[in-house]
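Novice: First, the structure itself, so that you have it in front of you.
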Amino acid sequence: MDDIVRQAIKKWPNVPHVYGWLGLDARGHWYLRDDATQAAGPFPQVKGSRLEHEKLLAFIGRNYEHDGQGCWFFQNGPQRVYVALEAAPWVWRLQPDGRLLSHTGTPATLASAWLDDAGRLFLDTDLGFGLLHSLDVEAAATLVDSGAWTLNELPHAQMPARFGFVTHPRPAAAADAAPA
C-alpha cells in the first residue's frame, strides 16, 4: 500500500466503504460503475467505463488488497472501494519464460491449476487465486501436456468458497471495521 494512502487512513479513519463502483473482468480490466451503470444491472452483465489511464491503473494495482472475509478492494486514500469480480481476484498472464504475472504486474508462483465447468483455467499461486488470461490458454496447454502442470477440476460456483474470495461484496459480507 502506498504511504500516501496509509497517511490518509490515519487522517480520516472513518470514511465509509463503497460497493458496486469498481469491477474487475475476466481479462484483468478495471471498470468504473457509476450510479446509472449500477442501476442498469449487475457486473459483469453491465460493466461500465473501462479504466485506461496508466497511472490510475498502477495506483489501483499497488493498493489492491482483501479483507478477512475474502472481499477484494482498492484502498483509495481513506476510502475502501470494494471490487466486483467477474471470475476471481487475480487474472494471470503466462510469460514466454513460464513466469506468471498478475493483472497488476505482480509476479507469482504456481501452486495448483484448476479447470472449471466452463473449461476455464484457474491458477492458485503464492499470491492468491485467479483466472488465466484467455490469450495464454494455448501456452498453458503445452505445460499441461508436458506434465509440468497437473489439472484439478472444480465447478466455478464452488471456487469462491474453496479459495476464500467473494465475487460481489456487499456491506454485510465485507469487514466494515476501519482499515488497519
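Throughout, read-outs are computed from the coordinates displayed, never taken from laboratory work. Because the structure is a prediction, the values reported are computed rather than measured. Cβ coordinates were reconstructed from backbone atoms using ideal geometry, including for glycine residues, and neighbour counts include every protein chain displayed.
Novice: Would you please classify the overall shape of the range 29-69 from the alpha carbon gyration tensor, given that a ≥ b ≥ c denote the square roots of the eigenvalues, rounded means a/c under 1.5, and beyond that prolate means a/b larger than b/c while oblate covers the rest?
Specialist: oblate
Novice: In whole Hz, what ³J(HN,Hα) sequence does the range 33-44 give by Karplus (6.51, -1.76, 1.60; θ = phi - 60°), x for Gly and Pro?
Specialist: Values per residue, Gly and Pro as x: 10, 6, 4, 5, 5, 4, 5, 6, x, x, 7, x Hz.
Novice: Of the peptides 139-146, 114-121, 51-58, 23-30, how do they stack up when ordered by the mean number of other Cβ atoms within 10 Å, highest first?
Specialist: 23-30, 114-121, 139-146, 51-58
Novice: Using the basic label-point model (7 angstrom from Cα toward the beta carbon), what is the SER134 to GLN45 distance in nanometres?
Specialist: 1.9
Novice: Quick one: compute the contact order of the chain, relative version, from alpha carbon pairs under 8 angstrom and 6+ residues apart, as a percent.
Specialist: 24
Novice: Can you work out the Karplus-derived ³J(HN,Hα) for every residue in the range 118-133? Use 6.51 cos²θ - 1.76 cosθ + 1.60 with θ = phi - 60°, whole Hz, and x for glycine or proline.
Specialist: My calculation for the range 118-133 gives 9, x, 7, 9, 10, 10, 9, 9, 5, 8, x, 9, x, 8, 6, 4 Hz in order.
Novice: Non-local amide H neighbours of LEU132 (under 5 Å, H modeled in plane, Pro and chain starts lacking H): which ones?
Specialist: Sorted by chain and number, the residues that satisfy this are TRP92, LEU121, PHE122, LEU123.
Novice: Another one. Residues with amide H under 5 Å of ALA84's amide H, sequence separation 5 or more or different chain, H placed in the peptide plane at 1.01 Å from N; which?
Specialist: Those lying under 5 Å, H to H, from ALA84 are GLY20, LEU22, GLY23, LEU24.
Novice: Between the range 145-161 and the range 78-111, how far is it from one alpha carbon centroid to the other, in angstrom?
Specialist: 17
Novice: Each residue of the range 141-151 in turn: what ³J(HN,Hα) in whole Hz from Karplus with 6.51, -1.76, 1.60 and θ = phi - 60°, glycine and Pro shown as x?
Specialist: Values, residue by residue: 4, 4, 5, 5, 4, 7, x, 5, 10, 9, 8 Hz.
Novice: Here's a follow-up. Pull up all non-local amide H partners of VAL166: gap of 5 or more, or a different chain, and H-to-H distance under 5 Å with H placed in the peptide plane.
Specialist: CYS71, TRP72
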